[in-house]
Amino acid sequence: MPTTRRPRPALTRAAALGVAALLAATALTACGGDSADPADNPYGLLQPGVLRAGTLTDAPPNVYLKDGTFTGFDNDLLVAAAGKVGLKVEFVGTDFSALLSQVNNRKFDIGSSSITITEARKKTVDFGNGYDFGYFGLDVPAGSPLTGFDQLAGKRVVVVQGTVQDDYATSRKLDPVRVPDYNGAVNQLKAGTADAWIAPAEIGEKSAADSNGKITVAATELSPTPTAYAFAKGNDALREALNKGLDEVIADGTWTRLQQQYYPGRPIPAGFTPGSGTVAAPGAATPSASATS
């Protein structure tokens, strides 16, 4: 005789709903969804414990890519400060013109690129405490008669789009040629398609030194405001934590060591204090009158 199978009892509606809820909760946990404990990610990072930083690849000695590793003064300082609050840093290269919006849209947790604090930029991102000062540099092709910023009217001046150097040129009605990155600016000078490049001075000096005599630095001018890391608006927990970490690496001498490593011999302008201003930088170079010219 054929064997007769007994039908399995149907799930009750309550049991079915319970199974569905269990599966949904499991899926959310597996995907890192809303069920994650906020205590595991107090700074609202894209990945708990990892600080995803947007930066540039071509702006030495500030931020650049060397042998496959992101480095430079700003990035090395960020790694040190983040380590003080238990965070690892993952760098991702981008264009400066997109960086601030990418930070505020949470593509990155932080922006690291010698970003000068301006009122206009404060509308897009929040800034941490200032960690560095900077100069504008005027790079020109070798043999150029230009010797100062006051000689740029009517000249073809190149700037990196969205930088304070762009703002500087625009405010002086120079109608600058905008390029997406520093390599683009250097190439314009080498090709003779630009009369001058207004650059961050340290980057301009490095570019001139690497140009085999094709580019020279004609002048420098102190930038009026400090540089800082950029944060998404309202991410106060992360900003305050990194401000604390920054003060710690200033106090323990890391900031001074990196200054000497990346900007040897560069004096610190009178009145500039990195971080919150409540800690001293041991062994920092003393200010000089030339620093404010």
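Bear in mind these aren't lab numbers, they're just calculated from the coordinates by the rules spelled out. These numbers were taken from a predicted model, which means no experiment stands behind them. Reconstructed Cβ throughout: ideal geometry from the backbone, glycine too, with neighbour counts over all protein chains shown.
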FRET efficiency (Glu221, Val50; Cβ distance; R0 41 Å; to 0.05) is 0.60
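Quote to one decimal, in nm, the extra length available between Thr118 and Glu240 on full extension: 0.36 nm per residue of separation minus the C-alpha distance between them.
Once the chain is fully extended between Thr118 and Glu240, it gains 42.0 nm.
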Looking only at segment 108-124, which residues have a backbone nitrogen under 16 Å from a spot 7 Å from the Cα of Lys233 in the C-beta direction? 118-124
Take the Cβ-Cβ distance between Ala270 and Asn41 as r, set R0 to 35 Å, and report the resulting FRET efficiency rounded to the nearest 0.05. 0.25
Listed peptides 267-276, 140-149, 224-233 by packing density, highest first (mean Cβ within 10 Å): 224-233, 267-276, 140-149
Based on Cβ point charges of +1 for Lys and Arg and -1 for Asp and Glu, what charge dipole magnitude is obtained for segment 134-290 about its Cα centre, in debye rounded to the nearest 20? 300 debye
